[in-house]
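The structure appears right after this line, and notes come after that.
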Amino acid sequence: MDYSARKRFVCGRLGHAVLALALMTAGGRAWAKAPPPPPGTLERAAALVRSQAFEQAAAMLRKLLSVDPSNRGAKEMLAFDLESMGDLEGERRVRSALAAEYPDDPRVQTDYGRVLERSGDDGGALRAYRRARELSAGRPAPELDAAIERMSGRTALEVGAPLAVMSDPDASASFVRAGAAIPFGSRRHLTLLGTHYAADGRRTTGATESGALALTFVERAATGGSLALGPRLHVISGRDGTRRDVGVGGAIMGRASLGRVLEAEGRAEVETPWDEAAVTVLHGGRTTAAEGHLYSHGFSRRLLLQAGARRRQLSVLAADPQSLRRPKAWESLWIAGADLVVWRKPSAAVRGEMLDETLIAPTTLSSAMTLAYRHYGVTTRTTPEFAEVIGLVPRGSVDEGSVAMTLASPRGNLGLELRTGLARDTERDARAWRAGGSLIWAPTPATRISLGYEGATEIASGLAGERRAGWLSFHVDR
């Protein structure tokens, strides 16, 4: 929780939480076994918490507990104080002791579940939330029900099956993907993903089929960081079965927080499918790449600044079917931009905890409107053999402005995403556009179906010409 969010949280709860805790007593204390605490200690600690003097309040409450260890009010106020300070480990120790001491108190169990969730112990948080729900049987508890739903989604096995069709001036292609994300441990899962591609030439009679297999180990930290890595296999063949090409490689990607406002993201891959357009699928494209991005958040995460770069080697099947060498090209991309959230409603979100189409990263959709600007700089260098198969723009300098709108229904079972953008390439004095959207239906928290379409004039990636893509995906937690 960042500083501004923590401040709002503290101010929102102090009005009733601190007053209630200050009036609690520690009934049943054995006064003969310890000297009594100074009169009014709990009230003074409450005043310190109210004034956000958290360090002083913690010292006073610990001193009180050293002479009166059974004081429940002091323990609960200390847990709240540590939470307000952002001392996750200290808060977890106090709430763990409270949960063991008061196993039949639903509020204590709920608070214990919250700190476990923020610590990254999804399984433990789910057990604590379910225990609290059992103790609250017969009483409405919408926030507790939402927490159970959220944790159930994070700890469940997820199955995904997207399919897509795409076209450009040179080819049309489709792919069918199926996979599963198998959780093990806390915030870890193993993804197995298989993809079948089929492509046909629109200007030639060529056709290819290919298959890809990806095995990925994923670990996510409670702070928002993540690591994913694993091997990749890509097998290409002609429709007549006379041509076969096999690529073995791997991929690694990670994300890390660099403080309160900075985040870094990096990715490297070797011999993975180059499937961003129908023509690249038709010619058995592969890529070996490295890229990195730096992000900066501001204004309560309404503003996002970013800068990044990517360098990749591209290869395709040779025009000569008898050739065993893959022609190559090299591309460099630089990017800088800003996103501004002009409106958002985080409470309105599509229900369920689902992963993206690669079953690696969590994805959410809540109501918001975002304006964005991007500047792309791209340079490519190709061999004559590569240019004979696919033509890439040698140089580009693109400025793009875009707007995206996402809407979720009040019940969270429907979502709509719309996006559009206009761009200009000053290197070629060319203009480009893109527009698309998707409709999401979540009939249950464990099921999500998405239908989408996008059309664009592609220039930032080095490929030229209009492209279109449509997709349907199905995800379910089991």
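The values are calculated or read from the model by the stated rules, or taken from the named source; none is laboratory data. These numbers come from a predicted model, not from an experiment. Note that we place each Cβ from the backbone using ideal geometry, even for glycine, and neighbour counts take in every protein chain shown. Surface areas here come from the heavy atoms of the whole protein model, side chains and all, with no ligands, DNA or RNA. Shrake-Rupley method; radii C 1.70, N 1.55, O 1.52, S 1.80 Å.
What's the long-distance tail for the chain, i.e. % of Cα pairs beyond 41 Å?
32
Residues of region 287-306 with amide nitrogen under 11 Å from the 7 Å Cα-to-Cβ point of residue 340?
It comes to 303-304, nothing else.
Can you figure out the FRET efficiency of residue 205 with residue 301, using R₀ = 45 Å and their beta-carbon distance, to the nearest 0.05?
0.30
How many angstrom lie between the Cα centre of region 351-408 and the Cα centre of region 208-259?
The distance from the Cα centre of region 351-408 to that of region 208-259 comes to 18 Å.
Under the 0.36 nm per residue contour assumption, what length would be gained going from the current alpha-carbon distance of residue 309 and residue 383 to full extension?
24.4 nm
Among the chymotrypsin sites (Phe, Trp or Tyr not before Pro) in region 259-333, which ones are in a DSSP loop with at most 14 other Cβ atoms within 10 Å of the Cβ? Mind listing them?
Listed in order of number, the matching sites are 299.
Translational D (Stokes-Einstein, µm²/s) of region 260-362 at 20 °C and 1.002 mPa s when Rh comes from the Kirkwood sum over C-alpha pairs?
126
Working from Cα positions, state the angle (0 to 90°, nearest 10) between the long axis of helix 3-23 and the longest principal axis of the chain.
With rounding to tens, the tilt is 20 degrees.
Could you tell me what percent of the accessible area of the chain is made up of carbon and sulfur, with a 1.4 Å probe and every protein chain present?
Its accessible area is 59 percent carbon and sulfur atoms.
Taking a label point 7 Å from the Cα of residue 366 along the Cα→Cβ vector, which residues of region 321-342 have an amide N closer than 18 Å to it?
Answer for this model: 339-342.
Calculate the FRET efficiency for residue 323 and residue 55 from the Cβ-Cβ distance with a Förster distance of 56 Å, rounded to the nearest 0.05.
Efficiency computed from Cβ-Cβ geometry: 0.20.
Going by alpha carbons, how many degrees (0 to 90, nearest 10) lie between the helix axis of 122-135 and the longest principal axis of the chain?
Between helix and principal axis, roughly 50 degrees.
How much accessible area per residue does the chain have, counting only protein heavy atoms and a probe of 1.4 Å, in square angstrom?
Accessible area per residue, the chain: 49 Å².
Hey, what number do you get for the chain at 222 nm if only DSSP H runs of n ≥ 4 count, each worth -39500 (n - 2.57), divided across all residues, to the nearest 500?
-8500 deg cm²/dmol
Write down the Kirkwood hydrodynamic radius of region 211-296, to one decimal in angstroms, obtained as one divided by the mean of 1/r over all alpha carbon pairs.
14.6
Just to be sure I follow: if Rg is taken over the C-alpha atoms of region 425-477 and Rh is the Kirkwood radius over the same atoms, what is Rg/Rh?
The Rg/Rh ratio comes out at 1.21.
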